[in-house]
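What follows is a set of notes on a single structure, which appears directly below.
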Amino acid sequence: MMNLNLKATNFELEEKTRDFVEKKAGIMVEKFSKKTGVDWRVEIEIERVKKHSKGDVFRAEMQIIFPGAAKGIRAEGNGATWRQAIDKANQRARREIRDFKEKKLKS
């Protein structure tokens, strides 16, 4: 039900990172896509920002395309570790999807 495209910038993408991201994205998509039965496309980029005033900072960006959302959902998160960045982006994406569904039900 999910087509995942994962990209790492300025750091090596290890298997444990890929597994963590797949699990997080999979749980989120499964929760919201049970009723649709349609494939969702999830694109995630994790980047280590080297030139930052506080040292290395990780940024995660999620782009989620699903039926009914013309432009899809975009969420971004920053953190001291890649896990924190993914968690923040995931939380924001969940909120965006929930808001989208609520708007859709009202109309």
Here the qualifying pairs (Cβ atoms under 9 Å; residues six or more apart or on different chains; first in region 24-39 and assigned to a helix (DSSP H, G or I) and crowded, with 19+ Cβ neighbours inside 10 Å; second at pLDDT 75 or above and of a type in the set (Asp, Glu)) come out as Lys24/Asp87
Residue pairs within 6 Å by beta carbon, gap of at least six or interchain, first lying in region 1-19 and within 20 Å of Ile65 (Cα to Cα) and open to solvent by 90 Å² or more (accessible area, probe 1.4 Å), second modelled with pLDDT under 85 and not charged (D, E, K, R), listed first then second, are Met1/Ser33
Residues of region 65-84 being in a strand (DSSP E or B) and either modelled with pLDDT of 90 or more or open to solvent by 20 Å² or more (accessible area, probe 1.4 Å) (or both), in sequence order, are Ile65, Arg74, Ala75, Glu76, Gly77, Asn78, Gly79
Checking Met28, Met62 in turn, the sole residue that is modelled with pLDDT of 90 or more, of a type in the set (A, V, I, L, M) and under 13 Å from the mean Cα position of the chain (by Cα) turns out to be Met62
Of the residues in region 85-97, those that are free of Cβ contacts under 8 Å to residues at least 60 places away in the same chain and surrounded by fewer than 17 Cβ atoms within 10 Å (Cβ to Cβ) come to Gln91, Arg95
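The values are calculated or read from the model by the stated rules, or taken from the named source; none is laboratory data. A quick note: this is a predicted structure, and the numbers were derived from the prediction, not measured. As a convention, Cβ positions derive from the backbone with ideal geometry for all residues, glycine included, and neighbour counts pool all protein chains shown. Areas reflect the complete protein model, heavy atoms only, side chains present, ligands, DNA and RNA absent. Shrake-Rupley method; radii C 1.70, N 1.55, O 1.52, S 1.80 Å.
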